[in-house]
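Everything below concerns the one structure shown next.
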Amino acid sequence: MKKKMILSLMVVFVLSIFFGYLTITFSQGNIKLKAIKNGDKGILKILAPKNVTKITCEIYSKTGNIKASIYRDYYGIVSFKGFQYNEFIISTDNVKFNFNDKLRVLANGVNNGFIDISTIPYTKKINTSDEKYEDIKVVKVMTYNIHHGKDRYGRYTLDNIIEFIKKEDPDILGLQEVDKNMLRSGFKDQAKKIANSLSMYYAFGSNEKFLYGKYGNAVLSKYPIIKWDNIKMDGKENRGLLIAEILLDKTKLNFLVTHLGTNSWERDSQFKVLNSYLKLYENNTILIGDLNEVDYNNNILDLEKSINDVANTVDNRYSHTITMEKHKKRIDYIFADKNYEILDYKVKEVDYSDHYPVISYIKIRE
């Protein structure tokens, strides 16, 4: 009996590694688990059915003493093998990740029993390089909410936007409010059109669908985009976090683009999701986007604990990024890894959208 049990555990372990997740079944469906190791710290990725909106992870020592109880009621929405799941990121910042420990997952308060952490497939910290290089690369980065290619008066400006970007010649840029096959923008695939005009690689993340049309964020890059993923976030209008892995000459850059909601209660939850994913990509990372929040808000201040607001390095940090005079405020941001050096930051006051583009030169040591 004991040999059969050991053999069963070995089969589960091998299969879980092969399929990338360990699957456990409970009354509300299947939950999938994956672990990420970062030194002594551990991160759990939990894919839960869409009806699961609250997760508690309890970690117990081999002797049965509880070491941590971690609760999450916020999540990203991801696609996996043709199905959508709520993805919870559980970071055990203050608890050493031990393979002799046991894990108990409560989904919507339902106890799913104990799991040996040793059976959960794991990978090392995502996209961090252990090698050190002496080369320095300066990357010109831009964020721009293009308002589906129209200015604040509703006039078509996509061609002007393309010409402006071509003149500025950024290495990597993130765009928000990008249309694909939408009636209001002439059924154009805007990300593809801009990328083709600039001879750049691109990725488009759709957050909303309208009949055959889509609407979301885009990444464009002179450097190859190795892979990308789009994390959706709940709201009155779904928002997204587009994550692209970009290959520079000697290192991989995690480039994150987002556009958060217009309601404060939505943003509070979306900022939590954003911070949880930053724990996965805290090194070699640039985050840009329209956060719909001013820089003295607590959500922005919390974000700055993990990643630098590049505007803080220059005198013109308070330059507003909205074109409307009565709404002067800065809500479009570029954040960068704390190890990067910021050489310049500026807001370009061009009236091709209802937002101004923001540009920064960032020095990256490869």
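The values are calculated or read from the model by the stated rules, or taken from the named source; none is laboratory data. A quick note: this is a predicted structure, and the numbers were derived from the prediction, not measured. Counting neighbours? That spans all protein chains shown, and the Cβs are built from the backbone with ideal geometry, glycine included. Areas reflect the complete protein model, heavy atoms only, side chains present, ligands, DNA and RNA absent. Shrake-Rupley method; radii C 1.70, N 1.55, O 1.52, S 1.80 Å.
Could you check how many residues of region 296-345 are open to solvent by less than 20 Å² (accessible area, probe 1.4 Å) and of a type in the set (Gly, Ala, Ser)?
Residues meeting the conditions: 2.
Which ones in region 223-247 are aliphatic (A, V, I, L, M) and touching a Lys or Arg at 6+ places or on another chain (Cβ under 6 Å)?
Result: 233, single match.
Could you grab me the full set of residues in region 104-146 that are under 24 Å from residue 168 (Cα atoms) and either at pLDDT below 90 or open to solvent by 40 Å² or more (accessible area, probe 1.4 Å) (or both)?
If the condition is that a residue be under 24 Å from residue 168 (Cα atoms) and either at pLDDT below 90 or open to solvent by 40 Å² or more (accessible area, probe 1.4 Å) (or both), then 136, 137, 138 are the ones that fit.
Which of (1) crowded, with 17+ Cβ neighbours inside 10 Å; (2) touching a Ser or Thr at 6+ places or on another chain (Cβ under 9 Å) is the odd one out, the single condition residue 258 does not satisfy?
The one condition residue 258 does not meet is (2).
Count, please, the residues in region 62-89 that happen to be over 15 Å from the mean Cα position of the chain (by Cα) and part of a strand (DSSP E or B).
11
Those residues that are touching an Asp or Glu at 6+ places or on another chain (Cβ under 8 Å) and at pLDDT below 90, I need them from region 60-76; list them, please.
Residues satisfying the conditions are 61, 62, 67, 68.
What are the pairs, 6+ residues apart or on separate chains, where a residue within region 104-124 that is assigned to a strand (DSSP E or B) has its Cβ under 6 Å from a residue that is of a type in the set (S, T, N, Q)?
105/112; 106/56
Applying the selection to region 84-103, what residues are of a type outside the set (Gly, Ala, Ser), closer than 19 Å to residue 278 by Cα, open to solvent by less than 20 Å² (accessible area, probe 1.4 Å) and modelled with pLDDT under 90?
90, 92
Yes/no matrix, rows are residues, columns are (1) closer than 26 Å to residue 137 by Cβ; (2) not polar (S, T, N, Q):
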{"site": "245", "(1), (2)": "yes, yes"}
{"site": "248", "(1), (2)": "yes, yes"}
{"site": "257", "(1), (2)": "yes, yes"}
{"site": "268", "(1), (2)": "no, yes"}
{"site": "278", "(1), (2)": "yes, yes"}
{"site": "282", "(1), (2)": "yes, yes"}
{"site": "289", "(1), (2)": "yes, yes"}
{"site": "298", "(1), (2)": "no, no"}
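Among the residues of region 259-303, write down those that are in contact (Cβ under 8 Å) with a residue 60 or more places away in the chain and either assigned to a strand (DSSP E or B) or over 20 Å from residue 90 (Cα atoms) (or both).
Hits for region 259-303 are 259, 284, 286, 288, 289, 290.
Conditions first: (1) free of Cβ contacts under 8 Å to residues at least 12 places away in the same chain; (2) on the phi > 0 side of the Ramachandran plot. Residue 167 passes all but one, so which condition is the exception?
(2)
From the residues in region 226-251 that are basic (Lys, Arg) and over 21 Å from residue 268 (Cβ atoms), which one is surrounded by the fewest Cβ atoms within 10 Å (Cβ to Cβ)?
227
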